[in-house]
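Student: Before I ask anything, here is the structure I am working with.
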Amino acid sequence: MDERFEVLRRNLALVEQRIQQACQRAGRRREEVTLVAITKYVPADTARILLDLGVRDLGENRPQELWAKAQAVPEARWHLVGHLQRNKIARTLPVVHRIHSVDSLRLLDALESQASQRGVDVLLEFNLSGEATKTGFAPEAWDEVIARLGSLRKVRVHGLMTMAGLNAGPDEVRNTFAQLRQMRDRYREMVGDSTAWPELSMGMSGDFEIAIEEGATLVRIGSALFEGLQT
């Protein structure tokens, strides 16, 4: 336990320094960015150590892993950042703080149908890199997605999510993140509300600094936190 704690403490300090520096470059306050620690490759007892280090927001790619870890570490705020199949909604909703990866109208409708009266917070995932292996709405689906939002009562859309291309260079990565921010700003103009869709989930271990510079409020970091850890 002590060794894992020290490794995580050191890695978290380095990540925190990078977040702070990116915020400084962008003229943003550190409080504007939430670190979501992606615990995909570590067991629940390792994930729990993050709570002792002050990281409360934890994320999982697979619903089954989220269920198990949320049961083991219920004190955390659990985020689902990977694809959610409709047949896994019922078990996911009671334990999830936010779903980042709503990637189809069918999923949006299913969440609306199955959510309890307390509702569910979600982000709409857009595939801006165009990679076939990535899920998410195509940019061309914008009008159809916006039209559907008016019928939602229990699903609360808080913003947008995207991922940069797998082999994209820094300029292409920046362009992808800037495009998501511009989509958010476009929505704000449409509804006449400068505070609408406050969350932008973008940036992972290899590109989160660029994401912060382009307006990310949620960065999804895994390998940079757990590097060198013997699990």
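Student: Take ASP121 and decide whether it is out of contact with any helix residue (DSSP H, G or I) (no Cβ under 9 Å at 6 or more places or on another chain), assigned to a helix (DSSP H, G or I), over 26 Å from ASN167 (Cα atoms) and not polar (S, T, N, Q).
Tutor: For ASP121, the condition - out of contact with any helix residue (DSSP H, G or I) (no Cβ under 9 Å at 6 or more places or on another chain), assigned to a helix (DSSP H, G or I), over 26 Å from ASN167 (Cα atoms) and not polar (S, T, N, Q) - is not met.
Student: Of ALA132, ALA147, ALA164, ALA141, which residue is surrounded by fewer than 21 Cβ atoms within 10 Å (Cβ to Cβ), at pLDDT below 95, more than 21 Å from ARG91 (Cα to Cα) and out of contact with any His (no Cβ under 6 Å at 6 or more places or on another chain)?
Tutor: Numbers: ALA147 fails: at pLDDT below 95; ALA164 fails: surrounded by fewer than 21 Cβ atoms within 10 Å (Cβ to Cβ); ALA141 fails: at pLDDT below 95.
Within the list ALA132, ALA147, ALA164, ALA141, the selection yields ALA132.
Student: Filter the range 24-57 down to residues that are polar (S, T, N, Q) and in contact with a strand residue (DSSP E or B) (Cβ under 9 Å, 6 or more places away or on another chain) and give me whichever is nearest to LEU218 (Cα to Cα).
Tutor: Step one: filter the range 24-57 for residues polar (S, T, N, Q), giving 24, 34, 39, 46.
Narrowing further to those that are in contact with a strand residue (DSSP E or B) (Cβ under 9 Å, 6 or more places away or on another chain): 34, 39.
On the way: THR34: 5, THR39: 15 Å.
Checked the range 24-57; the qualifying residue nearest to LEU218 (Cα to Cα) is THR34.
Student: Starting from residues that are assigned to a loop (DSSP other than H, G, I, E, B) and over 15 Å from the mean Cα position of the chain (by Cα), keep the ones in the range 187-205 and report whichever is farthest from LEU14 (Cα to Cα). Please lay out each step first, then the result.
Tutor: As a first pass, look at the range 187-205 and keep what is assigned to a loop (DSSP other than H, G, I, E, B): 192-198, 202-205.
Still in the running and over 15 Å from the mean Cα position of the chain (by Cα): 192-196.
On the way: GLY192: 39, ASP193: 36, SER194: 33, THR195: 31, ALA196: 32 Å.
The qualifying residue farthest from LEU14 (Cα to Cα) is GLY192.
Student: Let me ask another. Residues in the range 1-52 that are crowded, with 18+ Cβ neighbours inside 10 Å, closer than 30 Å to GLN64 by Cβ and of a type in the set (Gly, Ala, Ser): how many?
Tutor: 2
Student: Can you tell which of VAL145, VAL155, VAL191, VAL122 is free of Cβ contacts under 8 Å to residues at least 24 places away in the same chain, more than 14 Å from GLY215 (Cβ to Cβ) and of a type in the set (Val, Ile, Thr)?
Tutor: None of the other options fit; the residue is VAL191.
Student: Further question on the same structure: Among the numbered criteria (1) within 15 Å of SER205 (Cα to Cα); (2) over 16 Å from the mean Cα position of the chain (by Cα); (3) modelled with pLDDT of 95 or more, which single criterion is violated by ARG91?
Tutor: In the conditions (1) within 15 Å of SER205 (Cα to Cα); (2) over 16 Å from the mean Cα position of the chain (by Cα); (3) modelled with pLDDT of 95 or more, ARG91 misses (1) alone.
Student: Let me ask you something else. Sort out for me the helices (runs of 4 or more DSSP H) sitting completely within the range 1-103 that have 1 or more residues that are farther than 13 Å from LEU225 by Cα, acidic (Asp, Glu) and free of Cβ contacts under 8 Å to residues at least 24 places away in the same chain. Reasoning before the result, please.
Tutor: Working: elements: 2-26, 44-52, 63-72, 89-92.
Of the helices (runs of 4 or more DSSP H) lying wholly inside the range 1-103, those with at least 1 residues that are farther than 13 Å from LEU225 by Cα, acidic (Asp, Glu) and free of Cβ contacts under 8 Å to residues at least 24 places away in the same chain span 2-26.
Student: Restricting to the range 96-116, name every residue that is surrounded by fewer than 19 Cβ atoms within 10 Å (Cβ to Cβ) and within 16 Å of the chain's Cα centre (by Cα).
Tutor: Once the filter is applied, which keeps residues that are surrounded by fewer than 19 Cβ atoms within 10 Å (Cβ to Cβ) and within 16 Å of the chain's Cα centre (by Cα), the range 96-116 yields only HIS97.
Student: Would you tally the residues in the range 151-161 being surrounded by fewer than 15 Cβ atoms within 10 Å (Cβ to Cβ) and closer than 20 Å to ARG184 by Cβ?
Tutor: Summing the residues that are surrounded by fewer than 15 Cβ atoms within 10 Å (Cβ to Cβ) and closer than 20 Å to ARG184 by Cβ in the range 151-161 gives 1.
Student: Could I ask something else about it? Taking into account only those residues within the range 206-231 that are among the small types (Gly, Ala, Ser) and farther than 20 Å from LEU123 by Cα, which is surrounded by the most Cβ atoms within 10 Å (Cβ to Cβ)?
Tutor: We begin by selecting, within the range 206-231, every residue among the small types (Gly, Ala, Ser); these are 206, 211, 215-216, 222-224, 228.
Those left that are additionally farther than 20 Å from LEU123 by Cα: 206, 223-224, 228.
On the way: GLY206: 13, SER223: 14, ALA224: 18, GLY228: 8.
Per the criteria, the residue is ALA224.
Student: Any chance the range 58-69 includes a residue that's surrounded by fewer than 18 Cβ atoms within 10 Å (Cβ to Cβ) and touching a strand residue (DSSP E or B) at 6+ places or on another chain (Cβ under 6 Å)?
Tutor: There is no residue in the range 58-69 that is surrounded by fewer than 18 Cβ atoms within 10 Å (Cβ to Cβ) and touching a strand residue (DSSP E or B) at 6+ places or on another chain (Cβ under 6 Å).
So that you can scan it fast, the table gives a plain yes or no per residue for (1) on the phi > 0 side of the Ramachandran plot; (2) aromatic (Phe, Trp, Tyr):
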residue	(1), (2)
VAL173	no, no
MET183	no, no
GLY192	yes, no
TRP197	yes, yes
GLU213	no, no
GLY222	no, no
LEU229	no, no
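Student: Would you pick out the residues in the range 83-95 that are within 13 Å of THR135 (Cβ to Cβ) and either surrounded by fewer than 21 Cβ atoms within 10 Å (Cβ to Cβ) or β-branched (Val, Ile, Thr) (or both)? Full working, then the answer.
Tutor: We begin by selecting, within the range 83-95, every residue within 13 Å of THR135 (Cβ to Cβ); these are 83-85.
HIS83, GLN85 - these are the residues of the range 83-95 that are within 13 Å of THR135 (Cβ to Cβ) and either surrounded by fewer than 21 Cβ atoms within 10 Å (Cβ to Cβ) or β-branched (Val, Ile, Thr) (or both).
Student: Let me ask something additional. Would you confirm whether or not the range 18-33 contains a residue that is touching a Cys at 6+ places or on another chain (Cβ under 7 Å), of a type in the set (A, V, I, L, M) and at pLDDT 95 or above?
Tutor: Within the range 18-33, one or more residues are touching a Cys at 6+ places or on another chain (Cβ under 7 Å), of a type in the set (A, V, I, L, M) and at pLDDT 95 or above.
The values are calculated or read from the model by the stated rules, or taken from the named source; none is laboratory data. Quantities reported herein were computed from a predicted structural model and do not represent experimental measurements. Cβ sites come from the backbone with ideal geometry, for glycine too, and all protein chains shown count toward neighbours.
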